[in-house]
Structures are given as structure tokens and as C-alpha cells.
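Heads up: the structure comes next, in C-alpha cells.
The values are calculated or read from the model by the stated rules, or taken from the named source; none is laboratory data. Note that the coordinates shown come from a computational prediction; the quantities given were computed from them, not determined experimentally. Positions of Cβ are generated from backbone atoms using ideal geometry, with glycine treated the same way; all protein chains shown enter the neighbour counts. Surface accessibility is based on the protein's heavy atoms, side chains included, excluding ligands, DNA and RNA. Shrake-Rupley method; radii C 1.70, N 1.55, O 1.52, S 1.80 Å.
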Amino acid sequence: MLMLDSLNLHSAQKFQRIIVEWLAYEARAKRGRGGPLPVKTIPVVRPNLPKQKNTWDCGIYTCEYARFVLSRLDGLVIDSDDVKKRAKRVFSSCEFTAEDAVQKRGEMKELYRTLRGAYRAELKRRVEESRGAKAESGGDDDGSTEEETEQ
């Protein structure tokens, strides 16, 4: 199990215990059986990764870690015997700095603005299209009767 903590705030042992307890709970809930799992059955690998220097870039680091992991999954097979060694080797090339986080934050902000504009334009188009369809069908279908509309 990989523990990617960009602030280095969490205990690996507590993280491991919580995840193992949750897995045991899910096994009981889904299969109606299953007891406590020995914690050592699921080792925690905490690779040495770049750490954030502030408290607001967690999402940026999470996205960057995910991008890094996904870019290296092709053909990556790790068995339980060498999980720590292989994971540490894979993550040793992860070079992500606080300056990169600032750049990524700016890129995400620009992406958000672009998507927000596209979303609003599409929403406006759909509203206008809906109004046009109502007008073609003989009026506004707001559920009121003619008498209510005239009053």
C-alpha cells in the first residue's frame, strides 16, 4: 500500500491500521464473513516524495502524484516480495517542487476558467434551445391554465 503524504503529517502505522480495519469491515459486509486481518499482511510503502511547503497545495500534490504514478504503470508489476524496493526506485525519480506547484495551480485556475466559460455557454444554449422548443409547441409550458395566465 502506497502512502503519499505531501505534508508528512500522518503516521504510517495509524494509516495502515485504519485501512486494514476498513478492508476487514468491507469483507464482512460484502461476504458476510471475515475477521481481523494481521496488519503486517499489507505493508505500507512511504516513498521519499517531494513535500509541499504550505497548507493549501494538497490537491496540486495529489494530482501530481497521481499523474506520476499513472505515467509509470504501463508494464509495472510489483509483487509483495519486492514492493518496498521497487516502489522506492520508481518514486525516486519524482521531482516536483514548490515552484512546480505554483505553476500547476495557475494552470488549474486557467483550466477552471476555460471550462466554466464553456459550461456556461452550453447551459445558455440548452436553455435557449428549450425555450425555442416550447415556443414552437405553442407556448410556455409552466403548468398554468389560460384563466390563471389572464388574471
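Structure summary
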| item | result |
| --- | --- |
| Conditions (1) closer than 21 Å to GLU107 by Cβ; (2) modelled with pLDDT of 85 or more; number of the one not met by ILE19 | (1) |
| Residues located in segment 64-85, provided they are modelled with pLDDT of 75 or more and either among the basic types (Lys, Arg) or surrounded by 14 or more Cβ atoms within 10 Å (Cβ to Cβ) (or both) | GLU64, TYR65, ARG67, PHE68, VAL69 |
| Subset of segment 37-54 that is modelled with pLDDT under 80 and not in a loop (DSSP other than H, G, I, E, B) - its residue that is least open to solvent (accessible area, probe 1.4 Å) | VAL39 |
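Per-residue answers, yes or no, for (1) in a loop (DSSP other than H, G, I, E, B); (2) modelled with pLDDT of 80 or more; (3) closer than 21 Å to PHE96 by Cβ:
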residue: ASP5; (1), (2), (3): yes, yes, yes
residue: LEU9; (1), (2), (3): yes, yes, yes
residue: ARG28; (1), (2), (3): no, yes, no
residue: GLY35; (1), (2), (3): yes, no, no
residue: TRP56; (1), (2), (3): yes, yes, yes
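Conditions (1) of a type in the set (D, E, K, R); (2) in a helix (DSSP H, G or I); (3) modelled with pLDDT of 80 or more, marked per residue:
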position	(1), (2), (3)
LYS109	yes, yes, yes
LEU123	no, yes, yes
GLY132	no, yes, yes
GLY138	no, no, no
